[in-house]
Amino acid sequence: MRRAIELAAKAYQQTDPNPMVGAVLVKADGRILSEGYHQAAGLPHAEVIALQPFSEVPADAVLVVTLEPCAHHGRTPPCTDLIIRKKVRQLVIGCVDPNPRVAGAGIRRLRAHGVQVQVGVCEEACRNLNRVFNKHIVSHLPYVTLKAAVSLDGKIAMPGGESRWITGELARQRGHQLRSQHQAIAVGSGTLNSDNPRLNDRVSPQPRQPVRVVFAGSSALDLQSWFVRENTGRRILLAGQETPPEVLARIKTAGVEVWVDEAPKPRIGWGLARLYQEGLCSLLLEGGATLTAAFLKEKMVDRICLFVSGKIIGRREAPTWSGELGHKVLADVSAVRFGEVESLGDDLLIHGYFQHSLIDRI
Ligand SMILES: NC(=O)c1ccc[n+]([C@@H]2O[C@H](COP(=O)([O-])OP(=O)(O)OC[C@H]3O[C@@H](n4cnc5c(N)ncnc54)[C@H](OP(=O)(O)O)[C@@H]3O)[C@@H](O)[C@H]2O)c1
C-alpha cells in the first residue's frame, strides 16, 4: 500500500477533478507484478494500468489500491467490472471512495462476485492523499486553503499597511508553489488596492497558473493593478449590489469576467458555489484579514498554510491574519489540527486542518 500511495502521489495536483489513485498487483510472496497510477482526468484509472499486462491475473495475486474502485460509468467504464473479468480474487483497498456515486457500491459489487475485499489499510494516508477531491465531491464547493505570511505574534502588516516582507525569500518561493497547486486564487479588494499582488506562480519550472479571483465590495478598485491590466489567463471579479456600476463597467472592459451577487457584498458561499460550477475544485485564499474573517466565520476554510517569521511586530493596531471573528468565550473558538511543519530558512510553514472540514468526517 505504501508503494501504491507513492505512485498515486506522482500525479500530485494533476488529476482534478478526479482523485489521485495508485495500484499495485503483488504475488503472495510480495513480488510486485505490475503497477499503475491515475495520471489525469480522462486517462485510464490506476487499476486499468496495473491489470493491463494480464488477461487473467495469477491465482495468488493481490491487487492493492489506494481508493475503492469505481462501480459507475464515468469518462471510463467501471473498474469493478475489469477486476471481476481479470479474475482478481483478493483486493486490498486503502479507503472508501466518498463520491456518492461510489461510496461502498464498488466494494459491495466486488464482494457479491466473490472477490475477497479488505478495506482500511493505511486508511488515513490514503484519505489524506485526496483532501481536495474528498471535499469537493461531497460538498460541491472548492477546497479552500488559506495562506498568510505572519509575524511571530500573528500580524500580517504594520499598522500603516506595510507588509513587504514579513517572511524571507524561501518562504515566498514556497508560497508561489502553493499558487500552482490550486486551480484558483482569491484576494479581497483591500489587498488588491494596497499590495497589487500578481497572483501567479513565478518560480515553478512549469507553473499551472491559477484563475485569479477578487472579492469586491463598495470601494473603487485600482484600475492600474496587475489584476486589471495583466490580461493573461482567466480573471473573475465577484461583486455585490454595493459595488459601483462604473467599477463593474471598467473592469469588464479590461476583459475580466464579472459575477454580481444579489447581496450587498458577494457572499462567500455563493462565490465558492459559482467557482465550483466552473470546474474549479481548489482555491488558495491570500487574504487580507477582512475577507479571511468572512471565510472563517462561514467555516469555508479547510486548511491553513501559515508562513511564520521570527519577527515580532508588537502593535495592537496591526491586523492579525484571522481578522475579527467576534468570539466571546473559548467554547466558541474553532481550532485547526496541526499537520506538517516545514522549515524554510528563518521561517516556518505550518499546515493546519479544520475539524469542520468534510474530509475529517468521511
Ligand atoms: N501578510 C500577508 O500574508 C497578507 C496577505 C494579504 C493581505 N495582507 C495585508 O492585509 C491588508 C488588506 O486587508 P484588508 O482586510 O484591508 O482587505 P481584504 O480582506 O483584502 O479585503 C476586504 C474588502 O473586501 C471586500 N469584500 C468583498 N466581499 C466581501 C465579503 N463577503 N466579506 C467581507 N469583505 C468583502 C470589502 O470591500 P468594501 O469595504 O469596499 O466593501 C472589504 O473591505 C493590507 O495591509 C495587506 O498588505 C497581508
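The values are calculated or read from the model by the stated rules, or taken from the named source; none is laboratory data. Not measured: the values here are computed from a predicted model. As a convention, Cβ positions derive from the backbone with ideal geometry for all residues, glycine included, and neighbour counts pool all protein chains shown.
Only helices (runs of 4 or more DSSP H) wholly contained in region 97-184 count here; list those with 1 or more residues that are farther than 24 Å from H38 by Cα and modelled with pLDDT of 95 or more.
Details: elements: 105-112, 123-129, 131-139, 169-180.
Helices (runs of 4 or more DSSP H) meeting the threshold: 105-112, 169-180.
Scanning region 224-254 for residues that are among the hydrophobic types (A, V, I, L, M, F, W, C) and more than 20 Å from I185 (Cβ to Cβ), which turns out farthest from the ligand (Cβ to nearest atom)?
Just the residues of region 224-254 that are among the hydrophobic types (A, V, I, L, M, F, W, C), to begin with: 226-228, 236-239, 247-249, 251, 254.
Add one more test, that the residue is more than 20 Å from I185 (Cβ to Cβ), and what stays is 247-249.
Working: V247: 10, L248: 13, A249: 17 Å.
Restricting to residues being among the hydrophobic types (A, V, I, L, M, F, W, C) and more than 20 Å from I185 (Cβ to Cβ), the top hit is A249.
Of the candidates A220, A216, the single residue that is under 18 Å from V260 (Cα atoms), within 14 Å of the ligand (Cβ to nearest atom), among the hydrophobic types (A, V, I, L, M, F, W, C) and exposed (fewer than 14 other Cβ atoms within 10 Å of the Cβ) is A220.
So which of L152, L178 ends up being among the hydrophobic types (A, V, I, L, M, F, W, C) and within 12 Å of the ligand (Cβ to nearest atom)? Matching residue, one of L152, L178: L178.
Test of understanding: among G339, G310, G352, which residue is within 16 Å of the ligand (Cβ to nearest atom), part of a strand (DSSP E or B) and over 28 Å from N193 (Cβ atoms)?
On the way: G339 fails: within 16 Å of the ligand (Cβ to nearest atom); G310 fails: part of a strand (DSSP E or B).
It is G352.
Restricting attention to region 124-155, the residues that are surrounded by 23 or more Cβ atoms within 10 Å (Cβ to Cβ), in contact with a Pro (Cβ under 6 Å, 6 or more places away or on another chain) and of a type in the set (A, V, I, L, M) add up to 0.
Identify all residues within region 121-155 that are of a type outside the set (A, V, I, L, M) and over 23 Å from the mean Cα position of the chain (by Cα); write none if there are none. Even if it seems obvious, please write down each step before you answer.
Narrowing region 121-155 to residues of a type outside the set (A, V, I, L, M): 122-124, 126-128, 130-131, 133-136, 139-140, 142-143, 145, 147, 151, 153-155.
Of everything in region 121-155, those that are of a type outside the set (A, V, I, L, M) and over 23 Å from the mean Cα position of the chain (by Cα) turn out to be S151, D153, G154, K155.
Checking each residue in region 199-208 for being of a type outside the set (V, I, T) and either over 16 Å from Q224 (Cα atoms) or away from the ligand (no atom under 13 Å from the Cβ) (or both) picks out N200, D201, R202, S204, P205, Q206, P207, R208.
Yes/no per residue for (1) of a type in the set (S, T, Y); (2) surrounded by 24 or more Cβ atoms within 10 Å (Cβ to Cβ):
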residue	(1), (2)
G42	no, no
H45	no, yes
S55	yes, no
A59	no, no
T66	yes, yes
T76	yes, no
